Each structure stands twice: as C-alpha cells, then as structure tokens.
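Before any comments, here is the structure.
Any read-out appearing in this document is the output of simple, stated calculations on the displayed coordinates, not a laboratory observation. Given the structure is predicted, the values throughout are model-derived calculations rather than measurements. Note that we place each Cβ from the backbone using ideal geometry, even for glycine, and neighbour counts take in every protein chain shown.
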Amino acid sequence: MRIDVVSIFPSFFDVLEVSLLGRARGSGLLDIRVHDLRDFTHDRHRTVDDTPYGGGAGMVMKPEPWGEALDEIASGGSADAGTGPVFVFPSPAGEVFTQATAREFADEPHLVFGCGRYEGIDERVFAYAATLGRVRLMSLGDYVLNGGEVAAMAMIEAVGRLVPGVVGNPESLVEESHEDGLLEYPSYTKPASWRGYDVPDVLLSGHHGKVAEWRRTQQVERTRERRPDLLG
Ligand code: ADE
C-alpha cells in the first residue's frame, strides 16, 4: 500500500520509522512518503496561509500549494476520480473514523493524507481533489486538535496494521475491541496471584468452552457499562 502525507510539519511523521509500521516500511509492505507543503510554494516566505474571506479569526490554508502537491502525488494530475487515490483530510468537521473505516481504507492501494492547520484548508481544495480521486473528510472524534497531523498518524496506524503482513499474527487482529462491535475482554498473564489480586478461576480451568463464554459475557458487560452507544 502506498501512503502519501502532506503537512507543513513533516517531522511529525518521523515516528513512522519505529515499531511495526517502521518494519513494514523497511520490508516494502508500506510505501509511506511524507511531503512538506511548503515545497509547493513559490514565494520567498514559503507562504501557505492567508486571511479568510468574509472575515473572522485565524488563517486559512491557501489553495495553490495544495493544488500543486495533490497534482504531483496523483501521478502528475493524470489521475481521475475513478482511478485516483483516496484523499483523506483530517477535520473535526468530518465523518467519524471507526474500525470499519480503517478496514475500508486498508483495502485501498493508495491513500493521501492532507493535514490542515490553522482554521482549515480553502474549501475549493476538496472540490479539486475530487477530480483526482475520492475525497473523505475524517474526524477522530468530537474534540479539536491543533491540526491534522496527530489525527493522520492515528489513522495511518489503524489502517497500516490491517494491511496483510504488517502484524505478524493476523489472529491478534480478530479478537480486538471494535472488530466484532464490542469492547475487548480483559486479559491476564502470570502470576496467577499478584498483590492480592487473583486471575479469575475460569481462565485457569483449561475449559475452552467456559473461557469463551466468560470472555463473551465480559465483552457485553464492559460494552454496556463503558460504551452503551455501541449496543444500539
Ligand atoms: N483536526 C483537528 N481536530 C481534529 C479531529 N478531531 N479529528 C481529525 N482531525 C482534526
């Protein structure tokens, strides 16, 4: 899978060199390319923002550098809405990113993350991107970050680990929170007794059927307690 990232803070993405994703990059499973938006400016100050039409607080990211960056990434502008990449713009005004979105994106050959700063990106950039590929504005949740970088990192990790081969044991992907619509069951390891806290007896019983039943019950109880919204 190819992933391009456009940001005015490319060094935010240095951490993609470590851990599982770093290894996946090294082995060629993930081709991640990070671009500095300022490299697509032409003025001495490498300007990427300007004041908003209509007034208001803050600055808006100018469309011109974005247009050039997206053209270059989407094969010199020769891509079209059908064949081009999926452009993901992190935004608190986007649809909410979930495990289902991560699975959907993991099937794509090419994702482009466009990280906005300030009060956002000139709206015409999204319309233009839609001529080069598909466009998704995605929110991590109902809170505001300073820019799209941290949100893009989170999405890249959630998607990247679903790409076949990135996580060594694919079974570990199945029994996770959100994969079956429920929160994950609690986990324990040795010792069986620690500082007066004991591992539930059923897990020491060796009875696989009872263990599975207990885990399922725990999943449902936790979900009802912590995330009743997931139960509908
Ligand atoms: N940019 C700023 N806040 C964000 C959020 N909650 N999700 C995604 N991108 C963002």
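Give the range 161-180 a look and list any residue that's in a loop (DSSP other than H, G, I, E, B) and not acidic (D, E), or say none.
Answer for the range 161-180, where residues must be in a loop (DSSP other than H, G, I, E, B) and not acidic (D, E): R161, L162, V163, P164, G165, V166, V167, G168, N169, P170, S177, H178.
Surrounded by 11 or more Cβ atoms within 10 Å (Cβ to Cβ) and either farther than 30 Å from H110 by Cβ or touching a residue at least 60 places away in the same chain (Cβ under 8 Å) (or both) - does that describe any residue in the range 190-197?
Checked against the condition, which is being surrounded by 11 or more Cβ atoms within 10 Å (Cβ to Cβ) and either farther than 30 Å from H110 by Cβ or touching a residue at least 60 places away in the same chain (Cβ under 8 Å) (or both), the range 190-197 yields at least one hit.
Taking the residues in the range 135-190 that are polar (S, T, N, Q) and within 16 Å of the ligand (Cβ to nearest atom) as candidates, determine which candidate is farthest from the chain's Cα centre (by Cα).
Among residues in the range 135-190 that are polar (S, T, N, Q) and within 16 Å of the ligand (Cβ to nearest atom), the one farthest from the chain's Cα centre (by Cα) is N146.
Quick one: which residue in P63, P85 is in contact (Cβ under 8 Å) with a residue 60 or more places away in the chain and in contact with a His (Cβ under 7 Å, 6 or more places away or on another chain)?
Of the residues listed, the single one that is in contact (Cβ under 8 Å) with a residue 60 or more places away in the chain and in contact with a His (Cβ under 7 Å, 6 or more places away or on another chain) is P85.
Could you grab me the full set of residues in the range 23-52 that are assigned to a loop (DSSP other than H, G, I, E, B) and in contact with a helix residue (DSSP H, G or I) (Cβ under 9 Å, 6 or more places away or on another chain)?
Residues satisfying the conditions are L29, L30, T41, H42, R46, T47, V48.
Within the group L70, L16, L20, which residue is under 23 Å from the mean Cα position of the chain (by Cα), within 24 Å of E123 (Cβ to Cβ), in contact (Cβ under 8 Å) with a residue 40 or more places away in the chain and in a helix (DSSP H, G or I)?
Working: L16 fails: within 24 Å of E123 (Cβ to Cβ); L20 fails: within 24 Å of E123 (Cβ to Cβ).
It is L70.
Within the set of pairs 6+ apart or on separate chains, which have a first residue in the range 138-159 that is among the aliphatic types (A, V, I, L, M), a second that is assigned to a loop (DSSP other than H, G, I, E, B) and near the ligand (Cβ under 6 Å from one of its atoms), and C-beta atoms under 7 Å apart?
Sorted first by the residue in the range 138-159, then by its partner, the pairs are A151/L140; A151/L145; A154/L140.
The conditions are (1) surrounded by 15 or more Cβ atoms within 10 Å (Cβ to Cβ); (2) under 24 Å from the mean Cα position of the chain (by Cα), and R33 fails exactly one of them. Which is it?
Of everything listed in (1) surrounded by 15 or more Cβ atoms within 10 Å (Cβ to Cβ); (2) under 24 Å from the mean Cα position of the chain (by Cα), R33 misses just condition (1).
Tell me which residues, restricted to the range 123-160, are among the small types (G, A, S) and assigned to a loop (DSSP other than H, G, I, E, B).
Step one: filter the range 123-160 for residues among the small types (G, A, S), giving 127, 129-130, 133, 139, 141, 147-148, 151-152, 154, 158, 160.
A130, G133, G141, G147, listed by residue number.
Output the residue which, of all residues in the range 89-109 that are out of contact with any Ser or Thr (no Cβ under 9 Å at 6 or more places or on another chain) and not in a helix (DSSP H, G or I), is surrounded by the most Cβ atoms within 10 Å (Cβ to Cβ). So that I can check it myself, show each step before the final result.
The first filter runs over the range 89-109 and keeps only residues out of contact with any Ser or Thr (no Cβ under 9 Å at 6 or more places or on another chain), leaving 89, 98, 100-109.
Next, from what is left, pick out any that are not in a helix (DSSP H, G or I): 89, 98, 107-109.
Working: F89: 25, T98: 12, D107: 10, E108: 17, P109: 8.
Among them, the one singled out is F89.
Go through the range 181-205 and give me each residue that's closer than 18 Å to E171 by Cβ and either assigned to a strand (DSSP E or B) or small (G, A, S) (or both).
Hit for the range 181-205 is S187, nothing else.
For S172, work out the one condition from (1) in contact (Cβ under 8 Å) with a residue 40 or more places away in the chain; (2) of a type in the set (S, T, N, Q); (3) closer than 30 Å to L111 by Cα it doesn't fulfil.
(1)
Please determine, by comparing only the residues of the range 160-169 that are among the small types (G, A, S) and in contact (Cβ under 8 Å) with a residue 24 or more places away in the chain, which one is farthest from D14 (Cα to Cα).
Among them, the one singled out is G165.
For the range 110-122: of the residues being within 11 Å of the ligand (Cβ to nearest atom) and assigned to a loop (DSSP other than H, G, I, E, B), which is surrounded by the most Cβ atoms within 10 Å (Cβ to Cβ)?
Among those that are within 11 Å of the ligand (Cβ to nearest atom) and assigned to a loop (DSSP other than H, G, I, E, B), it is C115.
Listed here are the residues, each with its yes/no results for (1) among the acidic types (D, E); (2) touching a helix residue (DSSP H, G or I) at 6+ places or on another chain (Cβ under 8 Å).
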| position | (1), (2) |
| --- | --- |
| F87 | no, yes |
| E104 | yes, no |
| L111 | no, yes |
| Y128 | no, yes |
| V144 | no, no |
| E184 | yes, yes |
